[in-house]
1. Would you mind putting 65-78, 144-157, 29-42 in packing order, based on average other-beta-carbon counts within 10 Å, highest first?
2. Rounded, prolate or oblate, given the Cα gyration tensor of the stretch 16-63, with a/c below 1.5 counting as rounded?
3. If R0 is 25 Å, what FRET efficiency do you get for Leu17 and Met144 from their C-beta distance, rounded to 0.05?
4. Can you tell me which lysines have their Cα less than 28 Å from the Cα of Lys116? Leave out same-chain residues fewer than eight positions away.
5. Could you tell me how many degrees, from 0 to 90 and to the nearest 10, lie between the Cα long axis of helix 10-28 and the main elongation axis, the longest principal axis, of the Cα atoms of the chain?
6. Can you find, among Trp53, Ile104, His64, the residue sitting farthest towards the positive end of the charge dipole of the chain, where Lys and Arg contribute +1 and Asp and Glu -1 at Cβ?
7. For Lys75, list the aspartates and glutamates whose Cα falls under 18 Å from its own Cα; do not include residues on the same chain fewer than 8 positions away.
8. If contacts are Cα pairs under 8 angstrom and at least 6 residues apart, what is the relative contact order of the chain in percent?
Amino acid sequence: MLNNFIFIVLPYAALALIIFVTPYRYFSNRLTWSAYSTQFLERKTLFWGANPWHYGIIPVLAAHLLGVIFPGPMKAFLGNEFNLLVFESIGLALGLFAVFGCLILTLRRVNTPLLKRVTFASDWVLLYLLLAQSLTGVYVATFMRWGSQWYLHTAVPYLWSLLTFNPQIEYVTDFPLVFKLHAAGAFVIVALLPFTKLVHMLYLPFDFLKDPPILYRWRTK
Ligand code: HEM
């Protein structure tokens, strides 16, 4: 029952929401299609949070995707012990870097009163979810060795079975709870993506390079 919910209901609900709500948000309210900058309110801690977070999580997510898109070549590559060790060590370092960044970003919001006013419920939910997601990821990588290898033989065929609308959850139902939490967390994050500032992930900000500088003015006398 719980397995069906985590591995069938959640991913398809997330897929439906991202397919139908995202275009609605794009066409109905383009102005909120960004990560609502707070850099002008606080910039020092932001630097130590946003940089490690993005430089850590983007390659880790790219590695997740690489496994899904090229399972064959990845199996061959990680079949070599040296490659596996290097790949996993770099992955773990990047995962820890992301956890560090996300922790700093969360503490920044908690400890800066000015920021609390512009932090909405959806921001808190997202921050805590991303933190939990990175922590469960690092836990799996550390205590369920060698994840990058078994992922290709279990989670990847399961994800493909979802994409071909023939869910085969037997690939993943015997995993420990922490893996299930990690998968469920991913689907919840994807489901929330079109409703939160995380939607900025879908927009590569190359146009910013052409934009004129933005002038901020205080509204006080
Ligand atoms: C929002 C989506 C996701 C995020 C942000 C995320 C984040 C992470 C992070 C930060 C790590 C630690 C990387 C490391 O230390 O090596 C990790 C590892 C892992 N994740 Fe995810 N993940 C996501 C989705 C998923 C999904 C959908 C699955 C499979 C169903 C999955 C399976 C794994 C596995 C097996 C590992 C361990 C890899 C290893 O041992 O090297 N993740 N994830």
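1. Result, highest mean first: 144-157, 65-78, 29-42.
2. oblate
3. Plugging the Cβ-Cβ distance into 1/(1 + (r/R0)^6) gives 0.30.
4. Counting by Cα, and skipping residues close in sequence, Lys116 has these lysines nearby: Lys44, Lys197, Lys221.
5. With rounding to tens, the tilt is 30 degrees.
6. My answer, from the dipole projection, is Ile104.
7. Cα-Cα hits under 18 Å: Glu88.
8. It comes to 35 percent, rounded to a whole number.
Taken together, the values in this text are just the output of simple stated rules run on the coordinates, not laboratory data. What you see is a predicted model, and the numbers here were worked out from it, not measured in a lab. Reconstructed Cβ throughout: ideal geometry from the backbone, glycine too, with neighbour counts over all protein chains shown.
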